[in-house]
Amino acid sequence: MRALSASDLLQIWEHGRGKTPIEQALAILGFASPHVPAADLWQLTIGQRDACLLYLRELTFGAQLKGLANCPACGDRLELTFDARDLRGQTTPLPDLETMKSVPAESSFKLDDYELSFRLPTSADLRALALQTDAHQVQRGLLEACLMSIKKDGETIAVDSLPEKVANAIAEKMGQADPLADLTLLATCPACGHTWRIVFDIVSYFWDEIQAWSGRLMREVHILASAYGWREADILAMSAWRRQRYLEMIGT
């Protein structure tokens with residue numbers, strides 16, 4: 001996986017506009033890993049995908065991430081600063097995209113009279129449920145896709161026969177096995193001391209950055225091309241530092 005170039009970012013933005021967040025996430029990874037088949041990227045677990053996105057964001061824009069949040073207790077607005085390396089865990093190995101298996105590994109566990117075997121959800125699973133708006137139905141759909149074996153007292157049963165307690169236990173096991181799939185940050189308000197959890201979505205965060213950065217870059221290209229007559233490809237090949245120096249020289 002390599003850092004995204006200026007040209008990559010513009011192409012990602014161009015091709016990803018109007019696409020779903022899942023498609024945007026895989027488009028970003030596809031540009032950073034051009035030799036990996038798209039079908040393999042779709043088979044990454046959600047946590048693996050997001051770990052790759054956090055690492056790629058670090059390579060492209062740096063490790064520090066910033067955001068704004070309103071305290072749910074007092075309404076005070078605070079700025080959050082955190083590190084991509086801390087979020088993905090520096091000791092957690094990234095998936096080897098060049099040699100990864102196309103099918104996620106299975107896990108098994110027992111609960112009361114049930115014996116269950118499951119694999120972790122992938123982007124392909126979420127894509128298949130993209131039109132479903134009911135959260136309960138999405139959870140059931142993921143269970144149907146990811147449960148490889150369901151037995152009670154040694155007899156195979158259907159997903160619909162699972163009691164809510166068992167379904168929740170499976171979801172918990174999946175979360176433990178793929179912690180980055182549902183990443184939350186702990187925030188504390190300096191004004192009132194209230195502490196709460198914030199869900200962090202690297203896909204939307206990274207995409208918003210790419211969109212904002214690409215918009216600024218296109219304006220820079222327009223200004224420099226108008227002033228010097230340079231080709232877009234030549235301007236994009238410059239470092240950000242050089243582009244800024246030229247912009248300063250023409251008074252922008």
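Taking every DSSP helix (H) stretch of at least 4 residues in the chain, weighting each as -39,500 (n - 2.57) and dividing the sum by the residue count yields a mean residue ellipticity at 222 nm of -15000 deg cm²/dmol.
Highest average first, the peptides 180-186, 206-212 ordered by how many other beta carbon atoms sit within 10 Å of their residues are 206-212, 180-186. Given their separation in residues at 0.36 nm each and the Cα-Cα distance between them, LEU131 and SER204 gain 24.4 nm when the chain is fully extended. On full extension, the segment bounded by LYS19 and LEU111 gains 29.1 nm, given 0.36 nm per residue less the C-alpha separation. For the chain, the Cβ-based charge dipole about the Cα centre amounts to some 800 debye (Lys, Arg positive; Asp, Glu negative; other atoms uncharged).
Peptide packing for 44-54, 125-135 was compared via the average number of neighbouring C-beta atoms within 10 Å per residue; ordered from the highest value, the list is 44-54, 125-135. Working from label points 7 Å from Cα in the Cα-to-Cβ sense, the GLU155 to ALA167 distance is 2.1 nm.
Projecting the Cα positions of LEU126, ALA69, SER107 onto the charge dipole of the chain (unit charges on Cβ atoms of Lys, Arg, Asp and Glu, taken about the Cα centre) puts ALA69 furthest along the positive direction.
Taking the Kirkwood radius as Rh and the Cα radius of gyration as Rg, the chain has a ratio of Rg/Rh equal to 1.05.
Remark: for residue pairs LYS110/LYS152; LYS19/LYS66; LYS110/LYS173, the C-alpha separation exceeds 20 Å in LYS19/LYS66. Distance between the pseudo-spin-label points of SER239 and SER7 (7 Å out from Cα toward the beta carbon): 1.9 nm.
Here, region 170-252 yields an orientationally averaged convex hull projection of 9.7 nm² when only Cα atoms define the hull.
No lab work stands behind these numbers, since they all come straight from the coordinates. Fair warning: this is a prediction, and the values are worked out from it, not measured in the lab. With ideal geometry, Cβ positions are generated from the backbone for all residues, glycine too; neighbour counts draw on all protein chains shown.
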